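The values are calculated or read from the model by the stated rules, or taken from the named source; none is laboratory data. Quick caveat: nothing in here was measured; it's all calculated off a predicted structure. Positions of Cβ are generated from backbone atoms using ideal geometry, with glycine treated the same way; all protein chains shown enter the neighbour counts.
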Amino acid sequence: MSNTIIVGAQWGDEGKGKIIDVLAREADYIIRFQGGNNAGHTVVIGDQEFVLHLIPSGILHPGKVCVIGNGVVVDPQALCDEIESLQKRKITIGSNLKISDQSHLIFPYHKILDQLRETHLGKSKIGTTGRGIGPCYVDKMARCGIRLADLMEDEVFQEKLGDNIHEKNEVFQEVYGHPGFSYEEILESYQGYREKIKLYICDTVRLLNDAIAKKKNLLFEGAQGTLLDVDHGTYPYVTSSSATAGGACAGTGIGPSKIGRVIGVAKAYTTRVGEGPFPTEFDAAQMKRIRQKGNEFGATTGRPRRCGWFDAVLVRHAVLVNGLDEIIITKLDVLDEDQTIKICTSYQYQGKRYDRFPANGKILEECEPIYEEHPGWRQQTCEISSFKDLPINAKKYLRRLETVVGAPIKMVSVGSKREQIFSI
Ligand code: GDP
Ligand code: IMO
Ligand code: MG
């Protein structure tokens, strides 16, 4: 296995957690490079379900090193909770977890600001996860963020925290009529987190580059998905980080020449959580059916996911901006009962046809999707373990997806469990 980046090819929740868990067998290091605990990556082993938010999904494999890279934003409270809950379930977390000293910290004021902004936006809200992700990245870009390296130096930390709270409290009080935050309380709680997490903090840039020099295999775990990427997604209805393959280099300090493969994960249909355009969104009846069959409820917030037909315009865009070598299709089994399955191949807007992803949000909001219709297979697929055993119409559907998105399918997943997947 060469160094491989896994990214979501849609709006997140494509099943990346499951795929990382499966591919982690061949990897030595599994690395998160962006986002934070807005992610919810599910891994199902036997009758046990694990939902990872910050810790890479390779953690369930003993002997693998899991790394939280510099591009990730870390909520130390969420991190401590996640470590504790995994340890309670007998998962070893110690020298197998490394966190970049350059990653930025999320503070309570980021979370509250995230929520207040959403309320303030009213009907035009983004539908964020409310985890403080956006405001934390804003501080990073504004160059007033606080990094884990700062947390380790008490004097530096006190000064930076003081400056931030002073400035933030003015905004909270004057713009939002919120009382603001107590410096002493935050200082004390973050000093407490420091003691709990300091053993994991290190120079991960060096760690990972040394691992590459020793010919170790690195697996980069993208969070969110291409259409939630701050540059390439459905802006402004996106997250605040680079969820595409390029983000893996910036978010870890690994040069692009060290990457061997980029794989995109896509569902056999489409989902999104939160607001924003969704050209192929189902009507109410179909929505209810697929949501139920696919258990489409957010792994982080529990919100019902919006569901729709496979949108090849979006996935083609993902193939392009990530340079995808291959794609992995998940949740094929969810379509087992459909009589007719649709693929959107282009959009129609004001008499013009769009084969490529348009930057103009209005087009995405108001376009008419152009569909191909394919006969369903109406047969259970969750126990199938090879491509040749799939029903003929399922094979045709997958082959058609490869053609319309312009990338070969590497694997197909037919259930949430580790073993419900096969290569093609
Ligand atoms: P991620 O954020 O990309 O890791 O995806 P999530 O974990 O948020 O959502 C994917 C959901 O689909 C989880 O509940 C998985 O257990 C489940 N899942 C993954 N692959 C399959 C599959 O092939 N079939 C079915 N039915 N469920 C799957
Ligand atoms: P995983 O890694 C699906 C969505 C939110 C919202 C937008 C911005 O599990 O695929 P944010 O809190 O990031 O500022 O919210 O992005 N979003 C996700 N949707 N899966 C995710 O992660 C998501 N992380 C954020 O719903 O629309
Ligand atoms: Mg998820």
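What to note about this one:
- Only one entry in Ile112, Ile99 is part of a strand (DSSP E or B) and either in contact (Cβ under 8 Å) with a residue 40 or more places away in the chain or outside the structural domain of Gly253 (by TED's automatic domain parsing) (or both), namely Ile99.
- Checking Ser2 against (1) away from ligand 3 (no atom under 13 Å from the Cβ); (2) of a type in the set (Ser, Thr, Tyr); (3) within 23 Å of Ile197 (Cβ to Cβ), the condition it does not meet: (3)
- Residues satisfying the stated conditions in the stretch 129-154, i.e. within 16 Å of the chain's Cα centre (by Cα) and more than 16 Å from ligand 3 (Cβ to nearest atom): Gly132, Gly134, Tyr137
- Cross-chain or 6+ apart pairs with Cβ under 7 Å, the stretch 291-305 first and under 22 Å from Asp81 (Cα atoms), then within 12 Å of ligand 2 (Cβ to nearest atom) and among the β-branched types (Val, Ile, Thr): Gly298/Val273; Ala299/Thr42; Ala299/Val51; Thr300/Thr129; Thr301/Thr129; Arg303/Val273
- Extreme residue, nearest to ligand 1 (Cβ to nearest atom), among residues of the stretch 212-248 that are among the hydrophobic types (A, V, I, L, M, F, W, C) and more than 14 Å from Phe33 (Cα to Cα): Leu228
- Residue in the stretch 175-186 that is surrounded by 13 or more Cβ atoms within 10 Å (Cβ to Cβ), in contact with an Asp or Glu (Cβ under 8 Å, 6 or more places away or on another chain) and in a helix (DSSP H, G or I) present: no
- Any hit, the stretch 304-315, residues being away from ligand 2 (no atom under 16 Å from the Cβ), assigned to a helix (DSSP H, G or I) and surrounded by 16 or more Cβ atoms within 10 Å (Cβ to Cβ): yes
- Some residue of the stretch 377-396 being at pLDDT 95 or above, assigned by TED's automatic domain parsing to the domain that holds Glu337, touching a Gly at 6+ places or on another chain (Cβ under 6 Å) and not polar (S, T, N, Q): yes
- Answer from Ala24, Ala39 - the residue that is modelled with pLDDT of 95 or more, crowded, with 23+ Cβ neighbours inside 10 Å and away from ligand 3 (no atom under 16 Å from the Cβ): Ala24
- Qualifying residue in the stretch 188-198 (condition: of a type outside the set (Gly, Ala, Ser), more than 30 Å from the chain's Cα centre (by Cα) and more than 30 Å from Ile259 (Cα to Cα)): yes
- For the stretch 319-378, a residue qualifies if it is farther than 27 Å from Ala245 by Cβ, touching a Leu at 6+ places or on another chain (Cβ under 8 Å) and in a strand (DSSP E or B), and exactly one does: Ile341.
- Subset of the stretch 214-243 (residues that are in a loop (DSSP other than H, G, I, E, B) and more than 21 Å from Ala299 (Cβ to Cβ)): Lys214, Lys215, Lys216, Asn217, Val230, Asp231, His232, Tyr235, Pro236, Ser242
- Residues satisfying the stated conditions in the stretch 253-278, i.e. buried (at least 21 other Cβ atoms within 10 Å of the Cβ), within 30 Å of Gln115 (Cβ to Cβ) and not small (Gly, Ala, Ser): Val265, Lys267, Thr270, Thr271, Arg272, Val273, Phe278
- Restricting the first member to the stretch 129-147 and to residues that are surrounded by fewer than 23 Cβ atoms within 10 Å (Cβ to Cβ), and the second to residues that are of a type in the set (D, E, K, R) and assigned to a loop (DSSP other than H, G, I, E, B), the beta-carbon pairs closer than 7 Å and six or more apart or on different chains are Arg147/Asp101.
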